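What follows draws every value from the coordinates through simple rules; no lab data is involved. Remember, predicted model here, so these are calculated numbers, not experimental data. No Cβ is skipped: glycine too gets one built from the backbone with ideal geometry, and neighbour counts run over all protein chains shown.
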């Protein structure tokens, strides 16, 4: 049994852990990454996915602050909502410790996996930089174009691709990849992969694929915004994809690089050619959705705590 300040911290962490797993369950149930959301434009879906993977962390922080507020501020309705009677005592053998321990183990495992993925990407990035010729091109017959790197990303285009593209097609590829560089999409992929790893694989995998598609569609839009016709961007995408497949090179949505061709090519061409979704997600609506989840969490965490407490003590 621990008494005092450390016990207070551990109890807050236990409450935050419950809120975290509540957020994971709520986002998973909401299905924010599924087909109906394809009617929203790429930028809106991208923001929504970031809100989805951030929700458990924001809820955990919010619940911790709220519980701290209940102890430090004399507000009657707060005290009625939160009434944890033994907040200054913590028993490692009670049920409170198990969710917290589970979250800590998950965090360590996911952090190690993310570190290894980042280290592998940086090693490949270093080798790619060494392979550039005097014209800053990759000496390779395999047609490929992609961006890589975290803090100082760069565009990599092979001589095998340049030899088979027209000038305007090469400009489209360059504008697309430069958009990834400007947004540091490889770094964002790494962060998103880390945050989504706290969800079940059958939930996390579609979320990562959806984010990868959103990034590619936003980069395609940047190529269009430079004055290029949407049909030309779509035709260039199909051409590069065909060239890559002829050499056995395929895009990988799980990779931290951002490749131009063969990455969700069909969905990207459809997005470019068909009329664009008119719907976007207003920031106010996203904040309202997050606030509703947070309120539901606050109303539930203390109740869940006492229900479990009753089950374990009776």
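Modelled label positions at residue 127 and residue 202, each set 7 Å beyond Cα in the direction of Cβ, lie 3.6 nm from each other.
The spacing between region 120-153 and region 202-229, judged by their C-alpha centroids, is 21 Å.
Look at 220, 163, 134, 232 and count the other Cβ atoms within 10 Å of each Cβ; fewest to most, that gives 134, 163, 232, 220. At what distance in nm do the modelled label points of residue 120 and residue 174 sit from each other, each positioned 7 Å from its Cα along Cα→Cβ? It works out to 3.3 nm between the two label points.
Please find the FRET efficiency linking residue 105 to residue 134, where r is the Cβ-Cβ separation and R0 is fixed at 30 Å, and quote it to the nearest 0.05. With R0 = 30 Å, the Cβ-Cβ based efficiency is 0.05. By other beta-carbon atoms within 10 Å, ranking 175, 168, 180 with the fewest at the front produces 168, 175, 180. Arranged from fewest to most other beta-carbon atoms within 10 Å of their beta carbon, 242, 167, 189 become 167, 242, 189. Taking label points 7 Å from Cα along the Cα-to-Cβ direction, residue 43 and residue 229 give a separation of 2.5 nm.
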